[in-house]
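The values are calculated or read from the model by the stated rules, or taken from the named source; none is laboratory data. Note that the structure is predicted; figures quoted are calculated from it, not measured. Here Cβ is always computed from backbone atoms with ideal geometry, including for glycine, and neighbour counts include all displayed protein chains.
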Amino acid sequence: MLYGLDIGGTKIELAAFNEKLEKQYSERIETPKDSYQSWLNAIVQLVQRADEKFGCQGSVGLGVPGFVNRETGLAEITNIRVADNQPILTDLAALLGREVRAENDANCFALSEAWDSENQQYPFVLGLILGTGFGGGLVFNGKVHSGKVGMAGELGHLQLNYHALKLLGWDKAPIFPCGCGNQACLDTYLSGRGFEMLYQALKGESLTAKQIIENFYAGEQTAVEFVELFVEFSAISIGNIITALDPHLIVLGGGLSNFDYLYEALPKALPAHLMRSAKVPLIKKAKYGDSGGVRGAAALFLTK
Ligand SMILES: [Zn+2]
């Protein structure tokens, strides 16, 4: 049995999957916030309950909102204060008597999509999350590529380039500060939140993404202009990522990935931002939604 745990700031979910990644069971608890020890114990108990249910020792993969630094072995998960800067993998492995693996939750999202039966034919799958922020995950032949330290795919902290600034009006371009301490990171533009912040900065009105999209489909002029600009902005930014990575498949997740017009408009806008011989890869909507995190974490123990 493959266990995937989605470790969040408020909830921890364990789901058990068979070798075909079909969900067999799941349980969700509140994330303990009082001490590291109670956080570890809660995870150990979740795993032990699943072991008892299935009469075996399942593999344990974690999806975390951050990453485990491969050089120090310490978790860098600032929004789970009790476990931040702790050697979570060695501690859990000792308590559970088995290897424990962890990956960034965007990498787990991409891994879950890459292991979908229709997508397994693509050697390199790039997952992009347009949610509260912008994140990415890189999967080669069914394995996450997380890099030397473990931060590969942190695409939200790529910064605005020449063409993006030109599109936004040079010195009139809204420059947003990012949670990483830098500014003008894609995280605050190419995301559901960024969509709303940009609309407010450029059009002078505060609307939700849902309202802007409704106005766009109703043909309202301001929304149409804004969406066309946002598509161009996305093509500039994702075009650079395609130039660097040349993926076979891009899967979009997060709230803004439900904006269906993007799947029609992006493939048309992208070629202008790619090298002449480059091809726009297939761009699809994610299939697994909220369960992608646990499914991808479980897939950390699968090999092709
Ligand atoms: Zn940043």
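Data for the structure
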item: Options Gly156, Gly150, Gly179, Gly135: the member that is assigned to a loop (DSSP other than H, G, I, E, B) and within 13 Å of the ligand (Cβ to nearest atom); result: Gly179
item: So Gly194, is it outside any loop (DSSP other than H, G, I, E, B), under 26 Å from Ala75 (Cα atoms) and not basic (Lys, Arg); result: no
item: Some residue of the range 119-137 being under 30 Å from Ile283 (Cα atoms), β-branched (Val, Ile, Thr) and buried (at least 24 other Cβ atoms within 10 Å of the Cβ); result: yes
item: Residues located in the range 193-224, provided they are over 17 Å from Gly169 (Cβ atoms) and touching a residue at least 60 places away in the same chain (Cβ under 8 Å); result: Arg193, Phe195
item: Per-region count, the range 248-282, residues surrounded by 19 or more Cβ atoms within 10 Å (Cβ to Cβ), not in a helix (DSSP H, G or I) and not aromatic (Phe, Trp, Tyr); result: 8
item: Only one of Thr243, Thr222 that is within 17 Å of Leu207 (Cβ to Cβ) and either modelled with pLDDT of 95 or more or of a type in the set (Val, Ile, Thr) (or both); result: Thr222
item: Any hit, the range 165-178, residues being surrounded by 13 or more Cβ atoms within 10 Å (Cβ to Cβ), touching a Pro at 6+ places or on another chain (Cβ under 8 Å) and in contact (Cβ under 8 Å) with a residue 60 or more places away in the chain; result: yes
item: Residue identified as at pLDDT 95 or above and either touching a Pro at 6+ places or on another chain (Cβ under 9 Å) or farther than 21 Å from Gly63 by Cβ (or both) among Phe134, Phe109, Phe140; result: Phe140
item: Which listed residue, of Leu198, Leu270, Leu229, is of a type outside the set (Phe, Trp, Tyr), within 20 Å of Gly127 (Cβ to Cβ) and at pLDDT 95 or above; result: Leu270
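Residue-by-condition table, conditions (1) within 16 Å of the ligand (Cβ to nearest atom); (2) of a type in the set (A, V, I, L, M, F, W, C); (3) over 23 Å from the mean Cα position of the chain (by Cα); (4) within 25 Å of Lys279 (Cα to Cα):
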| residue | (1), (2), (3), (4) |
| --- | --- |
| Asn161 | yes, no, no, yes |
| Leu168 | no, yes, yes, no |
| Arg193 | yes, no, no, no |
| Ala223 | no, yes, yes, no |
| Ile238 | no, yes, no, yes |
| Tyr261 | no, no, no, yes |
